[in-house]
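Below: the structure, in structure tokens.
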Amino acid sequence: MSDSPTSARTAVVLGGSHAGMLAARALAEFVDRVVVVERDELPDGPEPRKGLPQARHAHMLWSGGVRAMEELLPGVTGALRDAGARRLPVTTDMVALGARGWFRRWPESHHVILAGRDLLDATIRARVLADERIELLGGTEAVGLEGDSTAVTGVRVRGLLDGRERVVEAGMVVDATGRGSGAARWLTALGLPEVERREVDSGLAYASRLYLAPEQARDGFPVVNVQPDPRDKGPGRAGFLLPIEDGRWIVTLNGTRGGEPSAANDDFVRYAREELRHPLIGELLECAEPLSDVSFTRTTVNRRHFYERMPVWPENFAVLGDALAAFNPVYGHGLAVGAQSAVILRDVIRSQGWAAPGLSRRIQKAVARPVGAAWDLAIGQDVFYPGATENGPTLRDRLVAAYVGRLMYTATGNGRIARRVTDVTSLERRAEVLLAPSVLLAAAVGPLKPALRRPPLTAEELKRAGLQS
């Protein structure tokens, strides 16, 4: 593609998954053409693809991300629900065992969208690519940036079938290639300094399996989540069951070093019954029909690149999504952060103007806000597992964890505090709301209602799941 007056009005997005597609939609407002460069040949519908193995595991989209997605693609939530995705009120339809006990099911304050990742991506992809300004360059990988330390002018790409390299020139390049991003080395190749990076690796292993829910539980069932208790000092073991489209449940079991689940099909239910802090998920699975083999992964490390701290930053380049910060998927924040970052990309360009000096640096600093919030939530527990970091938790890590632990305990018996906590975990509000005087006082007092003795499933739900006659 030639460098012409049109190249400045062309944007390139690297990566055609969730964050990449939403970034393309955000950029289409300002340019004549957006090219999405994607290694895979993307399917037309909700089908698996080679470059997204994490699609076989559970995903949820918190309401903070849903709102961002709706800003970019009005009506997309309705399209997802029409395709079978579930909308569950939080915490009304959540049965969760936290470190300090079962949470009550308070009236709706937030919500989540639950669907298989293939369905979610296909629905977003179809709406984004319906915009004739956005084109997909499939079967193509990015191999480097064009330009110098002051400005990026395009990207070098290579066709995976013919091996031919060429340059796609652009007025903006956005890297949304995920955990495998080459942005850090691409920037040093342009003469920029190495980026500061932090990793927190709890050693978590993930095992997931699809089930067909019992017939009477196929049309709606709560999320079930059994969390670890960090006070146990041993490996953290957890599990969650999410009701998704077509009457199915997707169930993910996970454990840190020394407590990992097996990849064997015949050990899945046993782990859920015997290794988690409560056997509820295992009991539910004994009444359901497995539809898939177990999918297993260890790709769960928290990894953040602090590009916003770079002493210099080139014009016309930004990094979003997992390429910027990848979170332990157990916390369910990656999709929401990707959507919020795409909205921020749009809003900063709107406010500053497409050709404003320093635009890319402002974008990079702005997207650090939702990234930082999700990062603190993710590492707040992970950092305490043995071997998670080279130097162990910092003093800040310990102080934050102690306060959050007290808040979570209070939330088991205080609906107002449960709502404030969910304001933050849903990524609808910033963590500062947890430092309001009324919240600090409530945390000092503790829960207002006594602890629940058993999972807060109704008799009707137990009956529909086959656990009660």
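Every read-out reported here was derived from the displayed coordinates using simple, explicitly stated rules and does not represent laboratory data. Keep in mind that what you see is a predicted model, and the values were worked out from it rather than measured. Heads up, the Cβs are rebuilt from the backbone with ideal geometry, glycines too, and the neighbour counts pull from every protein chain shown.
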Inset, instruction - Kindly rank 390-396, 361-367 from highest to lowest mean number of other beta carbons found within 10 Å of each residue. - result: 361-367, 390-396
Legend entry - Label-zone membership for segment 388-427, site LEU448, 7 angstrom Cα→C-beta point, backbone N under 14 Å: 410-420
Inset, instruction - Could you tell me whether segment 85-127 comes out rounded, prolate or oblate from its Cα gyration tensor? Rule is a ≥ b ≥ c as square roots of the eigenvalues, rounded for a/c under 1.5, then prolate if a/b exceeds b/c, otherwise oblate. - result: prolate
Legend entry - Residue-span extension gain [ALA436 to THR394] - 0.36 nm each, minus C-alpha spacing: 12.7 nm
Inset, instruction - Pop the C-beta distance of GLU194 and ALA355 into the FRET formula with R0 = 30 Å and round what comes out to the nearest 0.05. - result: 0.55
Legend entry - Karplus (6.51, -1.76, 1.60) ³J(HN,Hα), θ = phi - 60°, over segment 264-269, in Hz, Gly and Pro reported as x: 7, 4, 6, 10, 5, 5
Legend entry - Descending semi-axes in whole angstrom, ellipsoid equivalent of the chain, from the Cα gyration tensor: 38, 25, 21
Legend entry - In sequence order, calculated HN-Hα J values of segment 313-328 (Karplus, 6.51, -1.76, 1.60; Hz; x Gly/Pro): 8, x, 5, 6, 8, 8, 10, 10, x, 5, 5, 8, 8, 10, 10, 3
Legend entry - Dipole magnitude of segment 356-421 about its Cα centre (Cβ charges: Lys, Arg +1; Asp, Glu -1), debye to nearest 20: 460
Inset, instruction - Express the relative contact order of the chain as a whole percentage, based on alpha carbon pairs under 8 Å and six or more residues apart in sequence. - result: 20
Inset, instruction - Enter the angle in degrees (range 0 to 90, nearest 10) between the Cα long axis of helix 359-382 and the first principal axis of the Cα atoms of the chain, meaning the one along which they spread out most. - result: 20
Legend entry - Gyration tensor verdict on segment 286-382 (Cα atoms; rounded if a/c is under 1.5, prolate if a/b is larger than b/c, oblate otherwise): prolate
Inset, instruction - Return the calculated 222 nm mean residue ellipticity for the chain, to the nearest 500 deg cm²/dmol, obtained by summing -39500 (n - 2.57) across DSSP H runs with n ≥ 4 and dividing by the residue count. - result: -9500 deg cm²/dmol
Inset, instruction - Please turn the phi angles of segment 116-123 into ³J(HN,Hα) values with the Karplus equation 6.51 cos²θ - 1.76 cosθ + 1.60 (θ = phi - 60°), one per residue in order, whole Hz, x for glycine and proline. - result: x, 4, 4, 5, 4, 5, 5, 5
Legend entry - Distance between segment 347-372 and segment 87-133 - C-alpha centres, whole angstrom: 28
Legend entry - Local net charge near VAL445, Cβ-Cβ under 13 Å (Lys/Arg +1, Asp/Glu -1): +3
Inset, instruction - With an 8 Å cut-off on Cα pairs and a minimum separation of 6 or more residues, tell me the relative contact order of segment 109-234 in percent. - result: 13
Inset, instruction - With an 8 Å cut-off on Cα pairs and a minimum separation of 6 or more residues, tell me the relative contact order of segment 403-469 in percent. - result: 34
Inset, instruction - For the chain, find the longest principal axis of its Cα atoms and tell me its angle to the long axis of helix 395-411, 0 to 90°, nearest 10. - result: 50
Inset, instruction - Once you have the Cα-Cα distance between CYS287 and ALA79, take 0.36 nm times their residue separation minus that, and quote the gain in nm to one decimal. - result: 71.8 nm
